[in-house]
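Enquirer: Got a structure here, written out as structure tokens. Questions coming.
Nothing in this text is a laboratory measurement; each read-out follows from the coordinates by a stated rule. No experiment lies behind these values; they were computed from the predicted model shown. All Cβ positions, glycine included, derive from the backbone under ideal geometry; neighbour counts span all protein chains shown.
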Amino acid sequence: MIPDSFTPFQATTPARARGCFTCTNFHGNFYADHLLCERDHGRQVIGVPATGCAFWQREPGADDE
């Protein structure tokens, strides 16, 4: 199957489809309306948390039903 358009953030698992919200680097902290990523003990503001980033790591149990 050939995709109709380029989809760089295509989710392959249910956990990945929820982006940053299921990542081990997200500890539930926000800055205003933006999510804070705490990767490498730093804090980065993520603009679109639904897509995640290249450093996304699955939180154990994130896609359990």
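Enquirer: Got a sec to turn the phi values of region 24-31 into Karplus ³J(HN,Hα) couplings, 6.51 cos²θ - 1.76 cosθ + 1.60 with θ = phi - 60°, whole Hz, x for Gly and Pro?
Expert: 3J(HN,Hα) across region 24-31, in whole Hz: 5, 8, 9, 10, x, 9, 10, 10.
Enquirer: Amide H neighbours of residue 51 under 5 Å, counting only residues 5+ apart in sequence or on other chains, H built in-plane at 1.01 Å?
Expert: Placed amide hydrogens put 20 under 5 Å from residue 51.
Enquirer: Output the peptides 46-54, 19-27 sorted from most to least packed, where packing is the average of other Cβ atoms within 10 Å over each peptide's residues.
Expert: 19-27, 46-54
Enquirer: At 1.002 mPa s and 20 °C, plugging the Kirkwood radius over alpha-carbon pairs of region 26-65 into Stokes-Einstein gives what diffusion coefficient in µm²/s?
Expert: D = 193 µm²/s.
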